[in-house]
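Structure first, then comments.
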Amino acid sequence: MKKFKAQSQKLLDLVVNSIYVNREIFLRELISNASDAIDKRRFMSLTDSRLAADFCIEIKADKTARTLTITDNGVGMTEKELENNLGVIAASGTETFKKEKAAKDGVELIGQFGVGFYSAFMVAKSVTVITKKVGAQNAYMWVSDGVEGFDILPATRADAGTDVILTLKDDVDDDSYSEFLEYFRISALVKKYSDYIRYPIRMEKENDDKSGEVETLNSMIPVWKKQKSDLGENELDNFYMHTFRDFRTPVHNIMTRVEGAVTYSALLFVPAEPPFDYYTKDYKRGLALYCNGVMIMETCEGLLPEYLGFVRGVVDTPDLALNISRETLQHDRRLKAIANGLEKKILAEFTKLLKNDREKYEKIFSQFGKAIKFGAYNNFGEDKDKLKDILLFYSDKNKKLITYKEYVEGLDIKVPLKEDKKRTKAPILYACGETVEKISMLPQLELAREKGEDVLYFVDAVDEFVARMLGNYDGHKFENVASGGGEVTAQKQEDKDLLKRIEDKLNGKATVTATAKLKSYPVCLAAKGDVSLEMERIMAQMGGGVKAQRVLQVNMNHPVIMGMNDLSEEAFADTVTVLYNEALIAEGYKTEPEFLAAINRLIVAAPQKAKKTTKKANE
Ligand code: ADP
């Protein structure tokens, strides 16, 4: 006997021992395996007509032997494939399952998601698989009780295909497994979970005279071809979860039918979260492509622009040839026309959600907004105008996500035309940082807040690039509150001298100016010229050495600054160090090594200074 691989063993225990209400899903799993196997053979038969057959899935119940058999005339498996496929849980879908699995809700996950073949052990005390690969001479049998391991033995089978034979568990009190031998129960389960399967699922109808007729249990109409009113409850969600191996219900679905130059129907889904491999090279972006209900490609990249890579779904068109090759397909004009149509449809749908179901749109945007923003920036901004109105940014004033448009609408109310003397439009202010929380504490925001101006928070690296790519929104330029702005020329000679002294101490790290931008903070960091601090950071991450020209902006009215001229030479130098590092911290930078020593020296000096002052006061 061969043992199951270690990780399979754990999952098996979970499956076998769960007193699981939703164990009925085993049938869906086995039928979908059968359907996949037929898909594979049917695909091969397109180029080798000898492999064609009257494809179907048969279910047989034997009440005396307590067996339920699911038979398909698909590709079948070789001995090696039997061992590899059924001996270890390593299939793509189950991989996700393992990643997401927290021991305690594991059982729940099985029900929503399924663990494929292994779910058979939720209802069976033993499983036998008899299979013969297309074109092969020999058939093999795989037998297991799901606990220890499995055996593979030679077997006989007339034609290529697979039988999965379940010997059902014994009924214990109200825990009935016999129900899975009843025609009506099975036929209801097929209707519920597998109605759209494209091959007939047949079963002998029970009759008292035992001469049962064979019934086809499923309608075979693909979900995307059904009328909305004919769809069962959760049918679309179930279809999505099972087809795309996601245990979370999708956030949104889009059904569309187009007739004209090209004819197609599409069923698209926006997942609740990116799949676990979304940010890796392994993720296959694209939609499944069907020709009249027959799949011709599992993931066709050309159907979606890169920035909508998170959308899953199927496209069915009668306009493409079944045996079209991948290469020709990618350049097919009809395919491009479908892709354009889908892109428009998805964007229109997002715009509609933004207007009518903001909460849902924000949910989508929180997961995939970065991809959409990247789309606005990518390809030299080719798509920016299509996308600019569905981008959301956190607003300092509104404390929620808003669009550029909403920002601008807010502006028009707040800034009366007479202030707009030069007939230039007020800028869209923004601030960059890692998180909403960190940005909200930036000193540079103080002045804007005092003036009642709103500031958009750019939390993603790509945000500022998008703003630069757009240049302006409806004539309103984008302005980073951290780049210049608020600068004032010091009037008094004394102030000029102080700024000069601070700048000398900074030793080329930054230039120094006075600012009107700050209230309660003594200093902040800004950048002069084209490269902002944020961009410098992003460039550095990408290995580039572009440097921002740093400016330390100083609030001349702050007590710390006002007291600086009274300091000893050493204390002055330490204070400049502390102030500069304070500005670095506020911008999210690491501090300099000398920072801590400078603080410590100032703390030591502080009580002495305090004593001196008190003494003076007492005299
Ligand atoms: P998944 O379907 O997620 O790949 P399963 O555990 O359900 O995982 O099945 C494992 C593998 O066993 C399948 O990927 C397939 O290669 C093979 N398999 C299962 N059932 C059949 C079948 N009826 N005919 C041919 N191959 C099958």
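The slack in the chain from ASP170 to VAL214, taken as 0.36 nm per residue of separation less the alpha-carbon distance, amounts to 13.1 nm. With a cut-off of 11 Å between beta carbons, the residues surrounding ALA261 carry a summed charge of 0, where Lys and Arg count +1 and Asp and Glu -1. Given 20 Å bins starting at zero, what is the percent of C-alpha pairs of the chain in each, up to the one with the largest pair distance? The distribution over the chain is 16, 36, 25, 17, 6, 0, 0, given as percents. For the pair ARG449 and ARG257, the difference between a 0.36 nm per residue extended length and the Cα-Cα distance amounts to 64.2 nm. Peptides 560-572, 521-533 ranked from most to least packed give 521-533, 560-572, packing being the mean of other C-beta atoms within 10 angstrom over each peptide's residues. Take the Cα of SER229, step 7 Å toward its Cβ, do the same at SER440, and the gap between the two points is 5.0 nm. Highest-first packing order for the peptide set 158-170, 394-406 is 158-170, 394-406, based on the mean count of other beta carbon atoms within 10 Å. Going through the cross-link list LYS425/LYS451; LYS228/LYS373; LYS3/LYS284, which pairs have a Cα-Cα distance over 23 Å in this structure? Exceeds cut-off: LYS228/LYS373; LYS3/LYS284.
A simple spin-label model places pseudo-atoms 7 Å from Cα toward Cβ; at GLU301 and LYS352 they are separated by 3.1 nm.
Computed from the alpha carbon positions, the gyration tensor of segment 214-286 leads to an equivalent ellipsoid with semi-axes of 25, 18, 12 Å, biggest first. Taking a point 7 Å from the Cα of GLU182 along the Cα-to-Cβ direction, the residues of segment 46-73 with backbone N closer than 19 Å to it are 59-69.
Ranked by the mean number of other Cβ atoms within 10 Å of their residues, highest first, the peptides 221-227, 357-363 fall in the order 221-227, 357-363. Each Lys or Arg adds one and each Asp or Glu takes one away; over the other residues whose Cβ falls under 9 Å from the Cβ of LEU447, this sums to +1.
Between CYS56 and LYS336, the contour length at 0.36 nm per residue exceeds the alpha carbon distance by 97.4 nm. Each label was represented as a point 7 Å from its Cα along the Cα-to-Cβ direction; for LYS344 and THR280 these points are 3.8 nm apart. Would you work out if segment 245-287 is rounded, prolate or oblate? Take a ≥ b ≥ c from the square roots of the eigenvalues of the alpha-carbon gyration tensor; rounded if a/c is under 1.5, else prolate when a/b is larger than b/c, oblate otherwise. Oblate, because a/c is 1.5 or more while a/b does not exceed b/c. Which aspartates and glutamates, on any chain, are close to LYS205 with Cα under 17 Å apart, when same-chain ones fewer than 8 places away are left out? Partners within reach: GLU58, ASP62, GLU179, GLU182, GLU213, GLU215.
A Förster distance of 30 Å, applied to the separation of the beta-carbon atoms of THR511 and VAL560, puts the FRET efficiency at 0.95.
The residues neighbouring PRO250, those whose beta-carbon lies less than 14 Å from its own, together hold a net charge of 0 under the Lys/Arg +1, Asp/Glu -1 convention.
Computed from the coordinates by the stated procedures, all read-outs in this text should not be read as laboratory data. From a predicted model like this one, the values you see are computed outputs, not experimental measurements. When we count neighbours, we look across all protein chains shown, and the Cβ atoms used for this are built from the backbone with ideal geometry, even at glycine.
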